[in-house]
1. Under 7 Å between Cβ atoms, at least 6 apart or on separate chains: pull out the pairs that start in segment 131-149 with a residue that is in contact (Cβ under 8 Å) with a residue 12 or more places away in the chain and on the phi > 0 side of the Ramachandran plot and end on any residue that is surrounded by 15 or more Cβ atoms within 10 Å (Cβ to Cβ) and assigned to a helix (DSSP H, G or I).
2. Using the structure shown, decide if residue 68 is surrounded by fewer than 19 Cβ atoms within 10 Å (Cβ to Cβ) and free of Cβ contacts under 8 Å to residues at least 12 places away in the same chain.
3. Checking residue 135 against (1) farther than 30 Å from residue 72 by Cα; (2) surrounded by fewer than 17 Cβ atoms within 10 Å (Cβ to Cβ), only one condition comes out false. Which one?
4. Being more than 17 Å from the chain's Cα centre (by Cα), surrounded by fewer than 17 Cβ atoms within 10 Å (Cβ to Cβ) and part of a helix (DSSP H, G or I) is the filter here; which residues of segment 100-128 pass it?
5. Going by the conditions given, is residue 86 assigned to a helix (DSSP H, G or I), more than 21 Å from residue 157 (Cβ to Cβ) and touching a residue at least 12 places away in the same chain (Cβ under 8 Å)?
6. Farther than 21 Å from residue 100 by Cβ, more than 17 Å from the chain's Cα centre (by Cα), surrounded by 11 or more Cβ atoms within 10 Å (Cβ to Cβ) and modelled with pLDDT of 95 or more: does that describe residue 21?
């Protein structure tokens, strides 16, 4: 069974300033690399918040055979590493900030595991999209609903993680000003 307390404590052990900087450097490398590689005008399903099965399969059809093959390869390679990179950056940064902004025994310390929800649902989303790409022109509606559910959950956890990040920044700034 997943033990969030153990994960939270592991993040606390590894949340150093140099690791936080290294993780954000990794995020920057990915953003630059993905930005320079993004020559297609086709929007991937991953970037949407919600889509119906009809829209998902219409988009998948519009990619063409080569586009679907490239998207599948991307999902199975780059988009396996990318969630790990942004999850580590967010988790370690949140942990580092909360350690400076709130008392160690405060339950809010456990908010450092929030980005792990985004990571989990991102990987589930990727798996669903890979299957959708692989079975096309079949159009299993249930599979598309599972994919959109995972996509929505991913974005909700990303948003919640960013909110916790802001909370961590504000807490750390406020505590540093208290005599």
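The values are calculated or read from the model by the stated rules, or taken from the named source; none is laboratory data. This one's a predicted model, so the numbers in the text were calculated from it and none came from an experiment. We place every Cβ from the backbone using ideal geometry, glycine too, and count neighbours over all the protein chains shown.
1. Close Cβ pairs satisfying both conditions: none exist.
2. no
3. (1)
4. 100, 107, 108, 110 - these are the residues of segment 100-128 that are more than 17 Å from the chain's Cα centre (by Cα), surrounded by fewer than 17 Cβ atoms within 10 Å (Cβ to Cβ) and part of a helix (DSSP H, G or I).
5. no
6. no
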